[in-house]
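Scroll down for the structure; my scribbles are underneath it.
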Amino acid sequence: MKTKLSPKFWVALTIFSLVGQIAWVIENMYLNVFIYDMFNASADDISTMVAASAIAATLTTIFIGALSDKVGKRKLFMCGGYILWGISILGFALVRTDILEPIVPATVSVATVGVSLVIILDCLMTFFGSSANDAAFNAWLTDSTDETNRGSAEGINAMMPLVAILVVFGGFMFIPKEGNDAYWPTVFTIIGVSVLAIGIIGFFIIDDPKLTPSETSYMRNIVHGFLPSTVKGNPMLYIYLVCFIVFNISIQIFMPYLILYYEKSLAMADYVLIMAPAIVIASVVTAFWGKVYDKKGFGFSYNISFAWLCLGYILLYIFTAKGLVFIGSLFMMSGYLASMAVFGAKVRDLTPAGKAGMFQGVRIFSQVLVPGVIGPKIGAWILRDADKVLNGDGTYSFIPNQNIFLGALVAAFAAMAIMLVCTKLMKKKA
């Protein structure tokens, strides 16, 4: 029988997930555009930033997740982390050429310093964000749900990245960008204050799950998810995590360059208006798909969402007309987020009870670190011979092309092949 979750839980889940994902949109998509616009960053610069952030996120989640298990608290890490996360986002408003030029020596490129500062500040922001969201919030979500309602909760959680994109794109489309020196400081100020405010509100609406502090040592908690004995004791969990790695590599091949592709390659100045309906529809599909997982299980729900994803890749690779780009983006977004929902629910179902914090490091290793290092590098390699455009200062910027979707499609099929092979091997062993 399905366990009923309180209205207070759904409110906390919705606002913490949404605002957290809005902050991640700024990091995962807007920072790429920021250093491209502000400092003429290359594909390798963007790839380096994504990889550094992925490493920071993984290490943070491993250490803070284990610490939250040791302390037996989630609320403090969630709320305090969101407050510090918001403050760190505000710091990006100060990384501007008008501030850097007077203090950077003439022998040093302002663009090089700017890119380096953004990467460093991104890692700091990721530390606070991963402490609050990747480690504490995700452990809280696992602790607060069970196998009867986890798909529904994960459906809401998984749709929020798309809702966040819609909020960010829709909210900032009315702020003129070209020739507006205040555009980026305004973006970072609004997002930073919003995240900080939610951290404060959280102290009043979050209910801490009743947890018994871990009796094992802190260092043991840190390495628990990576021990051979843990893998041996939870083989199905790690099979799904391996597949999850390859799936997320597929996503990271194109995602860091997606906005640039719409804006620069397709010259879609109005891409926000075109993508908004696709985002709304995909979000509704994702919320519904969590309920499908609760009723039908992983196999049925993932096979369909995987087919949507691949169809989206194919359409985006072949076509550049706005209408077909919209349809391709709709299938891609629906497949991506619905697959994330069923993967997330399955991983939570297979996570040992009372050890959610310890396993957040393993989850983030699969979802962020390996994909965040490998995926963008593959994307940058695919774009190595991409067309370039001459900037006003004499530098060149690359123009992303549709080959990133072909690379993502190949990686997606690799994920499916690994899943099929591993599942058959496990059945034979059983």
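The values are calculated or read from the model by the stated rules, or taken from the named source; none is laboratory data. Model, not experiment: these values are computed from the prediction. No Cβ is skipped: glycine too gets one built from the backbone with ideal geometry, and neighbour counts run over all protein chains shown.
Select, from 41, 12, the only residue that is hydrophobic (A, V, I, L, M, F, W, C), in contact (Cβ under 8 Å) with a residue 40 or more places away in the chain and either farther than 17 Å from residue 137 by Cβ or not in a helix (DSSP H, G or I) (or both). It would help to see each step written out before you state the result.
Working: 12 fails: either farther than 17 Å from residue 137 by Cβ or not in a helix (DSSP H, G or I) (or both).
The unique qualifying residue is 41.
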### Task
Check residue 210 against each of (1) closer than 19 Å to residue 13 by Cβ; (2) of a type outside the set (Asp, Glu); (3) part of a helix (DSSP H, G or I) and name the one condition it does not meet.
(3)
### Summary
Considering segment 110-148, residues that are in contact with a Pro (Cβ under 7 Å, 6 or more places away or on another chain) and modelled with pLDDT under 90, and then whichever is nearest to residue 12 (Cα to Cα), we arrive at 144
### Message
Considering only residues that are small (Gly, Ala, Ser) and crowded, with 24+ Cβ neighbours inside 10 Å, which ones fall in segment 44-94?
### Response
47, 53, 54, 57, 65, 66, 68, 81, 86
### Message
I'd like the full set of residues that are hydroxyl-bearing (Ser, Thr, Tyr), buried (at least 24 other Cβ atoms within 10 Å of the Cβ) and either more than 17 Å from the chain's Cα centre (by Cα) or closer than 18 Å to residue 274 by Cβ (or both), limited to segment 307-350.
### Response
313, 334, 336
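A quick yes/no check of all residues on (1) outside any helix (DSSP H, G or I); (2) at pLDDT below 90; (3) under 28 Å from residue 411 (Cα atoms); (4) out of contact with any strand residue (DSSP E or B) (no Cβ under 9 Å at 6 or more places or on another chain):
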site: 222; (1), (2), (3), (4): no, yes, no, yes
site: 225; (1), (2), (3), (4): no, yes, yes, yes
site: 236; (1), (2), (3), (4): no, yes, yes, yes
site: 247; (1), (2), (3), (4): no, no, yes, yes
## Note on the structure
Residue set 326, 298; condition touching a residue at least 40 places away in the same chain (Cβ under 8 Å), more than 25 Å from residue 356 (Cβ to Cβ) and either touching a helix residue (DSSP H, G or I) at 6+ places or on another chain (Cβ under 7 Å) or of a type in the set (S, T, N, Q) (or both); output residue 326
